[in-house]
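Working notes, beginning with the structure itself.
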Amino acid sequence: MLRGKSFICLLDFSREEIQNFIDVSFMMKNFVKTNNIPKSLQNKRIALIFEKTSTRTRVSMESAINLLGGFPIVLNKGDIQLSRGEPIEDTARVLGRFVHGIGARVLDHNSLIKLRDYSGLPVINLLSNLSHPLQTLADFMTIKEKLGTYDKPIAFIGDGRDNVLLSLMAFVAKMGLELRVGSPKEFRPNEDFWKRIEEEAEESGAIIDFYEDPYEAVRGAYAVYTDVWVSMGEESIAEKKKEILKNYKVTEDLMKYASSHAIFLHCLPAVRGEEVEANVIDGKQSAVWDQAENRLYTAMSVLSLII
């Protein structure tokens, strides 16, 4: 039973529950295309907290809530008392009296835990420093849509500690899939997280391998994924990271080593010429715009199932 459960990390869910999120995402896409949308959030108010800027997440969440008949209340950090030092526990307690659920895009993953524990409401992770689970649902929805199956090896090229990658690992580990990571040896997931991933992978039969050579990572892959090299909040180490990652750009040449049927994925925003060549993200193999659109349907799926 998913109703009332928070959506903070994919590791919190069973394989069957994750598959349910994907199945309902496809249902929601059909409902939107046929203008036959169930009003499962009728008379429900959902608070959306943004400590970080957002385009796709904000638009998809606000649209999803409206389409399902609910009312989104957008709270940028500068608009509320968090910006003046109010403890997040107090914000959570107050929101618990006013709304039916909370979505939050936060700087610190622990803020999501506090929002859940002190509000008593289901909380949806709209991005944290440790994970981006809504993005990952859209990623695998897109892979299934384009390739007809998840059961093909995929590759991620870039920072091995990237929050999007960590959620990809969680999905792969739960669902028994194969992920190849092309990343410098300096960039690996923290030990505690990796231990949990290994445990889940052992149970499901998933394969997650790291390669220092990006060409080895993408060899035969059916999806090649990357993310920006410098995330929000990392400006002070930007030049150092760019130097370390300079050989991990997704180029037309790199894509030649993937399957001839391979698609290119990126969670956006992208820096053309840095982590990916313009000819790749704007080329025929790119599925990033379908991937971005699918953020709407996965948001509708999660909202309808837990709230």
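The values are calculated or read from the model by the stated rules, or taken from the named source; none is laboratory data. Please read these numbers as outputs of a predicted model, since none were measured by experiment. Ideal geometry is used to build each Cβ from the backbone, glycine not excepted, and the neighbour counts take in all protein chains shown. Ligands, DNA and RNA are stripped out before the accessible areas are found, and what is left, the full protein with its side chains, is counted by its heavy atoms. Shrake-Rupley method; radii C 1.70, N 1.55, O 1.52, S 1.80 Å.
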Output the number of residues of the stretch 143-181 satisfying the condition of being of a type in the set (Val, Ile, Thr), farther than 20 Å from GLU17 by Cβ and not in a strand (DSSP E or B).
1
Answer yes if at least one residue in the stretch 253-260 is within 20 Å of PRO189 (Cβ to Cβ) and open to solvent by less than 70 Å² (accessible area, probe 1.4 Å), and no otherwise.
no
Return the total of residues in the stretch 13-30 being free of Cβ contacts under 8 Å to residues at least 24 places away in the same chain and surrounded by 15 or more Cβ atoms within 10 Å (Cβ to Cβ).
1
Say whether the condition of being part of a helix (DSSP H, G or I) and at pLDDT below 95 is met by at least one residue in the stretch 215-235.
yes
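Quick one: which strands (runs of 3 or more DSSP E) sit completely within the stretch 1-109 and have at least 2 residues that are closer than 28 Å to MET175 by Cα?
Passing ranges, in order: 101-105.
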Considering ARG196, ARG188, ARG180, which residue is in contact (Cβ under 8 Å) with a residue 40 or more places away in the chain and within 22 Å of ASP108 (Cα to Cα)?
ARG196
Selected residue (criterion: nearest to PRO269 (Cα to Cα)) from residues of the stretch 211-236 that are buried (at least 24 other Cβ atoms within 10 Å of the Cβ) and among the aliphatic types (A, V, I, L, M)
VAL224
List pairs: first residue in the stretch 128-151 and polar (S, T, N, Q), second residue surrounded by fewer than 18 Cβ atoms within 10 Å (Cβ to Cβ) anywhere in the structure, Cβ distance under 6 angstrom, at least six positions apart or on different chains.
SER128/HIS109; ASN129/HIS109; THR142/ASP290
